[in-house]
Amino acid sequence: MKCLSEKQMLLFFYNELKPQERKLIEEHLSVCRHCSESRDKLNNFLNIADKEKVDISRDNLNEILRQLKPSVKQESALTRLRQKLSFITQDILAALTRRPQIAVAALTIIAVISLLPVINKGRMEMAREDMVDIEMELVFEDSNNTDVMLDIFNFDSSQKSSSTNISS
Amino acid sequence: MLKSKEEDIRRLADNFLNGDSHAFSELAELIYSDILNISYRYLANMEDAKDALQGTLLKIHGGLKYFKNASKLSTWIYRISINTSLDYLRKRRSIFNLGARFKSEASTESSSLREELDIKDKKELIRKEISGLPLRQKNVFILKHYEGLTIEEISSTIGCSESAVKTHLKRAVERLRKKMEVVL
């Protein structure tokens, strides 16, 4: 087994490892001096962090509970609404944390819904461009026809002018 | 939190919601110590911790009827307790940073400081350094080290993945050790 990472040592200290992994680490610590020294240093440090619990007297607690009652009665409708919204938000966040796939699905739906107008706008513009192309083609065809007619006209007029010249 | 305690909390909360006026006092007696200690870890001051305890109990009293069983009731109570403590912390901006004072003194005469500081001072110093940790690291360290919650329970209390909880815990300990190395 390789030497232990800091995270492994920490999880070992807090008893957060699976039994099999814990056993492997215990075996390693019994043979690796470097790791066992590091473990001792970490233990010394964490044992300094004061775990003593603080407490208040029963009188203090009763006083807090006594003061709680008028405060509860004085709550305004706005405070109650704010409190309700706060708890609902907390519940939603907690549910999303437990099942992130719901959050992913919701975000996908929101993204699709918000992209729909953009997609539709793109389609409308494409349709408009198609219409412009068709119109232009029609205009082009019309102008071609006009050119042909003008050619015919020119042909007639040139013929007329040449015949006039001949007669003159 | 122990399974039997969780069941007691649930039962008292149900009794309170069914109109038993004494049930909330019993519930408060059962949970006040956990709430008080969490608040004390965040606020590092007993008077502020008592105020935060009162604020938390008030929110629980008003909010129990909206609790939707989306999590364990104890997790929900921890979450309210943390949020209330953080609200008080935001209100009270001027936190006396004992750690900074010790650090500046330590830079000039660390060996003498090491001798001067007894174990009680070190405990006090570490408590002050915890209040200077980034929020997520502080949440994780307090819930793990002081409250003894499992990684899984912390994950659902503060709303992040278990691997993120482990990373925050590691970073919190690294940071605290670095800050404390001059006095240890």
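Numbers for the structure displayed
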| read-out | value |
| --- | --- |
| Within the range B:148-159, considering residues that are more than 14 Å from A:LEU17 (Cβ to Cβ) and at the interface with another protein chain (Cβ under 7 Å from one of its Cβ atoms), the one surrounded by the fewest Cβ atoms within 10 Å (Cβ to Cβ) | B:GLY159 |
| Close pairs from the range A:79-100: first within 7 Å of chain B (Cβ to nearest Cβ) and over 17 Å from B:LYS72 (Cβ atoms), partner charged (D, E, K, R) and surrounded by fewer than 14 Cβ atoms within 10 Å (Cβ to Cβ), Cβ under 6 Å, at least 6 apart | none |
| Subset tally (residues that are of a type outside the set (Val, Ile, Thr), at the interface with another protein chain (Cβ under 9 Å from one of its Cβ atoms) and over 17 Å from A:LYS41 (Cα atoms)) for the range B:128-147 | 3 |
| Hits in the range B:124-154 (condition: more than 11 Å from the chain's Cα centre (by Cα) and among the charged types (D, E, K, R)) | B:GLU124, B:ARG127, B:LYS128, B:GLU129, B:ARG136, B:GLU152, B:GLU153 |
| Test result for A:ASP59, part of a helix (DSSP H, G or I) and within 30 Å of B:GLY55 (Cα to Cα) | yes |
| Residue within the range B:20-35 that is away from chain A (no Cβ under 11 Å), buried (at least 19 other Cβ atoms within 10 Å of the Cβ), hydroxyl-bearing (Ser, Thr, Tyr) and on the phi < 0 side of the Ramachandran plot present | no |
| Selection status of B:LYS178, more than 9 Å from chain A (Cβ to nearest Cβ), free of Cβ contacts under 8 Å to residues at least 60 places away in the same chain and under 17 Å from A:ASN44 (Cα atoms) | yes |
| Helices (runs of 4 or more DSSP H) contained in the range A:1-53 and holding at least 1 residues away from chain B (no Cβ under 11 Å) and among the β-branched types (Val, Ile, Thr) | A:19-31 |
| Top-ranked residue in the range B:64-79 [being farther than 13 Å from B:ARG10 by Cα and at pLDDT 90 or above; ranked as nearest to the other protein chains (Cβ to nearest Cβ)] | B:ARG79 |
| Residue check, B:ILE119 facing chain A (nearest Cβ under 8 Å), modelled with pLDDT under 85 and more than 30 Å from B:LEU27 (Cβ to Cβ) | yes |
| Number of the exception - A:ILE56 against (1) closer than 25 Å to B:SER155 by Cα; (2) among the hydrophobic types (A, V, I, L, M, F, W, C); (3) at the interface with chain B (Cβ under 8 Å from one of its Cβ atoms) | (1) |
| Residue match in the range A:92-102 (condition: at pLDDT 80 or above, assigned to a helix (DSSP H, G or I) and over 29 Å from B:ILE130 (Cα atoms)) | yes |
| Count of the range B:36-63 residues which are within 7 Å of chain A (Cβ to nearest Cβ) and of a type in the set (S, T, N, Q) | 2 |
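The values are calculated or read from the model by the stated rules, or taken from the named source; none is laboratory data. Model, not experiment: these values are computed from the prediction. Reconstructed Cβ throughout: ideal geometry from the backbone, glycine too, with neighbour counts over all protein chains shown.
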